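Asker: Below is a structure I'd like to ask you about.
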Amino acid sequence: MNIIVCIKQVPDTTEVRIDLVTKNLVREGVQAITNPFDTYAIEEGVRLKEKFGGKVIAVTMGPPQAEAILREAISLGCDEAILVSDRAFAGADTLATGYALSKAIEKIKDYDLIICGKQAIDGDTAQVGPGIAATLDIPQITYVRKIEDIKDGTIVAERMTEDGYEVIETKLPCLLTVVKEINTPRLPSLKGKIKAKSAVITSWKAVDIGAEESRIGLKGSPTWVLNIYTPPPRPKGQIFEGEAQVTVNQLVEAAKGLFH
Amino acid sequence: MIDYLLTEEQKMIRDLCRQITDEKIRPVAAEYDKSEKFPWDMMKVMAQSDLFGVYIDPKYGGMGGGVFELCLATEEFSRGCAGIAICYSASALGAYPIILHGSEEQKMKYLPSIAKGEKLAAFGLTEPSAGSDASAMQTTAVKDGDHYILNGVKHFITNGGDAEIYTIIAMTDKSRGARGASLFVVEKGTPGFTFGKKEDKLGIRASSTRELIFTDCRVPKENLIGREGTGFIAAMRTFDMSRPGIGAQAVGIAQGALDEAIKYAKQRKQFGQTIISNQGIQWMLADMATEVEAARALVYASAREVDAKVKDVGMHSAMAKMYASDVAMKVATDAVQIFGGYGYMKEYPAEKFMRDAKITQIYEGTNQIQRNIIGMALIKESAR
């Protein structure tokens with residue numbers, strides 16, 4: 001079973017700031033890490049490989065320094081790593097990123113499963129995973145908290161919802177996005193670290209993956225960020241105390257007031 | 001820290017062990033100290049990261065390093081919890097006799113599972129009446145056809161009961177004294193091999209310490225390590241190699257205590273300022289830091305000497321163990337002092353370092369025995 005894990009290098013969450021002029025994330029001086037949700041994707045990929053055999057290929061799109069998280073992925077048990085990197089990709093939104101990654105995945109060709117973290121902690125969009133599946137036209141199961149079974153080209157997985165979970169069965173190849181409930185990521189192994197240090201990281205440019213120029217980078221990104229701001233905190237709720245008959249009436253009156 | 005010019009691989013070991021200590025060990029150290037449960041989950045983390053094999057030849061599934069690599073790992077783990085660290089390094093103590101004196105068959109049979117961390121090892125020498133005077137041991141091994149029959153009791157055995165593979169020293173010929181001792185591998189589950197109660201200890205409480213009880217325990221003759229009568233010398237050679245590891249544990253404890261003391265001194269305010277602003281505290285910390293670094297330098301030098309297979313490493317490894325453990329005790333005590341009343345409370349980490357430090361002055365040869373070794377070596381050297 002060949003598994004592709006899509007990962008992203010992000011600034012360490014606790015230190016993210018936004019440039020008020022450009023509306024972009026300020027990355028300078030902030031430590032870059034593997035998106036924490038992607039570490040669950042790596043772990044799940046490596047566990048599946050240990051169970052079913054095959055290999056795990058880590059893929060990221062980003063600047064050359066994103067190579068660091070690919071080496072980390074190898075130290076955690078991934079077998080190969082591909083860096084999709086080109087100036088032409090700069091300014092990509094989730095659509096263009098999903099497109100570029102899916103072109104890279106098409107080039108890898110031989111895969112049964114794609115695993116992504118549920119979202120990246122910098123943008124928090126949760127769109128790239130589903131975007132890849134849509135572009136590749138393969139099924140997707142988002143917010144997976146447990147893979148129940150994989151056999152005969154079919155996968156059964158539990159998908160978290162706000163009020164419970166759904167069990168979904170679909171055909172392989174498919175794409176999963178995973179939540180942190182799915183596993184506890186391991187720490188790197190010494191053998192893995194030694195391997196990671198000398199591993200050759202494959203690097204693909206836009207032309208290598210046959211990406212259409214109009215669909216990548218800024219050109220391929222219909223998203224325009226007009227403003228980024230911290231939403232005002234939710235106002236405190238009101239608690240009505242006392243006899244039910246009285247408080248229910250108070251509540252109704254208060255609700256009326258909200259809608260007039 | 002002084003730049004000890006570590007190789008890339010040694011840096012990886014140190015960094016990985018530091019990561020394990022920060023992310024996994026430190027959060028659970030107080031809990032294991034309290035519950036005295038064996039830290040199997042921590043052993044699993046170390047095994048998964050290939051750390052049980054850092055000192056074992058790749059031929060037997062290890063990473064090919066030596067005592068120095070083992071020291072790096074032990075030191076880092078000890079910064080977080082010396083109890084958890086000793087569960088790890090005591091397995092190496094159990095494995096050393098096999099590495100040093102075992103046959104190829106014995107190495108192939110036992111080392112791979114130790115290197116993978118699938119099985120823990122332990123070393124059994126100490127007996128109720130044979131502590132510093134190891135030659136006074138009473139446990140016997142009597143040859144009977146293809147077997148040896150072991151009878152006797154070993155006590156204070158680290159990893160006792162939790163390890164699977166035991167290297168045991170027993171008398172095959174009592175009339176010959178120390179020259180009548182032999183080493184055996186005894187596996188857990190061998191009929192006649194049972195365990196006594198778990199000891200309730202002052203420190204290193206995450207580690208298990210039990211009696212090993214042999215009652216007509218039949219051990220196949222293939223399990224004899226080396227030849228009959230070489231057990232005592234093998235044990236002494238094992239200690240020559242393992243002492244830097246205790247030194248490394250002591251350095252880790254001392255560094256851990258020092259780190260906590262600095263952190264606390266920077267945040268604790270009295271008389272309107274942080275206590276680290278007081279020259280008195282700075283001088284204490286300066287002494288502590290200098291002693292920790294001196295201990296580390298001595299331990300590293302001694303470990304490297306062992307790995308370089310220098311002849312007669314005994315004196316230097318005794319110095320390393322003795323000095324580092326005395327430093328650990330002093331630094332940990334001073335750390336408690338800097339914490340003041342809070343240092344005496346279990347809610348804060350300082351007192352645990354102090355309790356854990358004490359054992360490093362006692363086990364694998366008390367520091368008085370280390371001084372004997374150094375003294376004897378000085379006499380020998382001066383007679384040349």
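The values are calculated or read from the model by the stated rules, or taken from the named source; none is laboratory data. Given the structure is predicted, the values throughout are model-derived calculations rather than measurements. Ideal geometry is used to build each Cβ from the backbone, glycine not excepted, and the neighbour counts take in all protein chains shown. Just so you know, the surface numbers come from the protein's heavy atoms only, side chains and all, with ligands and any DNA or RNA stripped out. Shrake-Rupley method; radii C 1.70, N 1.55, O 1.52, S 1.80 Å.
Asker: Net charge near B:S175: determine it from the other residues with C-beta under 15 Å of the C-beta of B:S175, scoring Lys and Arg +1 and Asp and Glu -1.
Answerer: +2
Asker: Which one, B:A90, A:Q31, A:L251, is farthest towards the positive end of the dipole of the protein assembly as shown when Lys and Arg carry +1 and Asp and Glu -1 on their Cβ?
Answerer: B:A90
Asker: Also, quick follow-up: Enter the mean projected area of the convex hull around the alpha-carbon atoms of the stretch A:221-260, in nm², rounded to one decimal.
Answerer: Computing the convex hull of the Cα atoms and averaging its projections yields 5.3 nm².
Asker: Also, I was wondering about something else. Can you give the mean number of other chain Cβ atoms that lie within 10 Å of the Cβ atoms in peptide B:50-59?
Answerer: Partner-chain Cβ atoms within 10 Å, mean over residues of B:50-59: 1.
Asker: For the stretch A:2-215, what proportion of DSSP beta bridges, expressed in % and rounded to the nearest 5, is antiparallel?
Answerer: Within the stretch A:2-215, antiparallel bridges account for around 45 percent of the total.
Asker: What's the center-to-center distance, using Cα atoms, between the stretch B:120-199 and the stretch B:43-91 in Å?
Answerer: 24
Asker: Across peptide B:11-20, how many C-beta atoms of other chains are within 10 Å of each residue C-beta, on average? Working shown, then result.
Answerer: Values: counts 1, 8, 2, 0, 2, 7, 2, 0, 2, 2.
Per-residue shielding by partner chains comes out at 3.
Asker: To check you understand DSSP bridge types, tell me what percent of the beta bridges within the protein assembly as shown (both residues inside) are antiparallel, rounded to 5.
Answerer: The answer is about 60 percent antiparallel.
Asker: Continuing with this model, one more query. Mean residue ellipticity at 222 nm from the helices of chain A, using -39,500 (n - 2.57) per DSSP H segment of n ≥ 4 over the full residue count, to the nearest 500 deg cm²/dmol?
Answerer: About -9000 deg cm²/dmol.
Asker: Express in whole angstrom the spacing between the alpha-carbon centres of the stretch A:240-258 and the stretch A:15-39.
Answerer: 45
Asker: Let a ≥ b ≥ c be the square roots of the eigenvalues of the Cα gyration tensor of the stretch B:8-120; is it rounded (a/c under 1.5), or, if not, prolate (a/b larger than b/c) or oblate?
Answerer: prolate
Asker: If you scale each eigenvalue of the Cα gyration tensor by 5 and take the root, what three semi-axes come out for the protein assembly as shown, rounded to whole angstrom and sorted largest first? Walk me through the numbers before you get to the answer.
Answerer: Working: eigenvalues 577, 200, 131 Å².
After diagonalising the Cα gyration tensor, the semi-axes are 54, 32, 26 Å.
Asker: Something else: To the nearest whole number, what is the average tally of beta carbon atoms from other chains within 10 Å of the beta carbons of peptide A:51-58?
Answerer: Mean partner shielding for this stretch: 0.
Asker: Which whole-Hz ³J(HN,Hα) couplings does the stretch B:117-129 yield from phi under the Karplus relation 6.51 cos²θ - 1.76 cosθ + 1.60, θ = phi - 60°, glycine and proline marked x?
Answerer: x, 6, 10, 8, 10, 8, 10, x, 10, 4, 10, x, 10
Asker: Given DSSP loops and a limit of at most 13 other Cβ atoms within 10 Å, what is the longest stretch of chain B that contains no such GluC sites (Glu not before Pro)?
Answerer: The reported range is B:119-346.
Asker: Cut-off 10 angstrom, C-alpha nodes, Gaussian network model of chain A. Which of A:G117, A:G242, A:G53 fluctuates the most?
Answerer: A:G242
Asker: Of all GluC sites (Glu not before Pro) in the stretch A:9-80, which ones are in loop regions per DSSP and have a Cβ with at most 15 other Cβ atoms within 10 Å? Write down the numbers at each step before the final one.
Answerer: On the way: sites: A:E15, A:E28, A:E43, A:E44, A:E50, A:E67, A:E72, A:E80; in loops: A:E28.
Sparse-neighbourhood loop GluC sites (Glu not before Pro): A:E28.
Asker: Among the lysines, select those whose C-alpha is under 20 Å from the C-alpha of B:K174, and discard any that sit fewer than 8 residues away in the same chain.
Answerer: B:K143, B:K154, B:K221
Asker: Additional query: Share of chain B's accessible area from carbon and sulfur, percent, 1.4 Å?
Answerer: Details: 8900 of 16260 Å².
Of all accessible area on chain B, carbon and sulfur atoms account for 55 percent.
Asker: Assuming a viscosity of 1.306 mPa s and a temperature of 10 °C, what translational diffusion coefficient in µm² per second does Stokes-Einstein assign to chain B, Rh being the Kirkwood radius over Cα pairs?
Answerer: 75
Asker: With every protein chain left in place, what is the accessible area of B:L5 in Å² (1.4 Å probe, nearest 10)?
Answerer: 140
Asker: Compute the FRET efficiency between A:Q245 and A:T125 as 1/(1 + (r/R0)^6), taking r as their Cβ-Cβ distance and R0 = 41 Å, and round to the nearest 0.05.
Answerer: On the way: r = 47 Å, r/R0 = 1.15.
The computed FRET efficiency comes out at 0.30.
Asker: Using the Cβ atoms and a cut-off under 10 Å, what net charge is assigned to the surroundings of B:A320, where Lys and Arg are +1 and Asp and Glu are -1?
Answerer: +2
Asker: A further question follows. Tell me what chain B gives for mean residue ellipticity at 222 nm when only DSSP H runs of n ≥ 4 count, each as -39,500 (n - 2.57), the sum divided by the residue total, rounded to 500 deg cm²/dmol. Intermediate results must be reported in sequence, preceding the final value.
Answerer: Numbers: 11 runs with 198 residues, N = 384.
Result for chain B, helices only: -17500 deg cm²/dmol.
Asker: Using a 1.4 Å probe and counting only protein heavy atoms, how much accessible surface gets buried when B and A come together, both sides summed, in Å² to the nearest 100?
Answerer: Buried area (both sides, nearest 100 Å²): 1200 Å².
Asker: Provide, in order from the shortest bin, the percent of all Cα-Cα pairs of chain A in each 10 Å bin, continuing until the bin that contains the maximum pair distance.
Answerer: 7, 27, 31, 18, 9, 6, 2, 0
Asker: Next question, about the same structure. Which trypsin sites (Lys or Arg not before Pro) does the stretch A:216-260 hold that lie in a coil by DSSP with at most 15 other beta carbons within 10 Å? Walk me through the intermediate numbers first.
Answerer: On the way: sites: A:K219, A:K236, A:K256; in loops: A:K219, A:K236.
Answer in residue order: A:K219, A:K236.
Asker: Continuing with the same structure: Under the rule that an exposed site lies in a DSSP loop and has at most 16 other Cβ atoms within 10 Å, name the longest stretch of chain A with no chymotrypsin sites (Phe, Trp or Tyr not before Pro) of that kind, not counting the sites themselves.
Answerer: A:1-223
Asker: Could you state the principal axis extents of the C-alpha atoms in the stretch B:71-113, from the largest down, to the nearest angstrom?
Answerer: Per principal axis, max minus min of the Cα coordinates gives 37, 16, 13 Å.
Asker: For a protection proxy built on the mean count of beta-carbon atoms within 10 angstrom, sort B:135-146, A:131-142 highest first, please.
Answerer: The peptides rank, most packed first, as A:131-142, B:135-146.
Asker: Here is a follow-up. Set the bar at 23 Å for Cα to Cα. Now go through B:K11/B:K263; A:K55/A:K219; A:K171/A:K219; A:K107/A:K205; B:K119/B:K321 and name every pair that lies beyond it.
Answerer: Long pairs (Cα-Cα over 23 Å): B:K11/B:K263; A:K55/A:K219; A:K171/A:K219; B:K119/B:K321.
Asker: Let me ask another. Please sort by residue number the GluC sites (Glu not before Pro) in the stretch A:168-248 whose DSSP state is loop and whose Cβ has at most 15 other Cβ atoms within 10 Å.
Answerer: Listed in order of number, the matching sites are A:E212, A:E241, A:E243.
Asker: With Rg and the Kirkwood Rh both taken from Cα atoms, where does Rg over Rh land for the stretch B:122-231?
Answerer: 0.96
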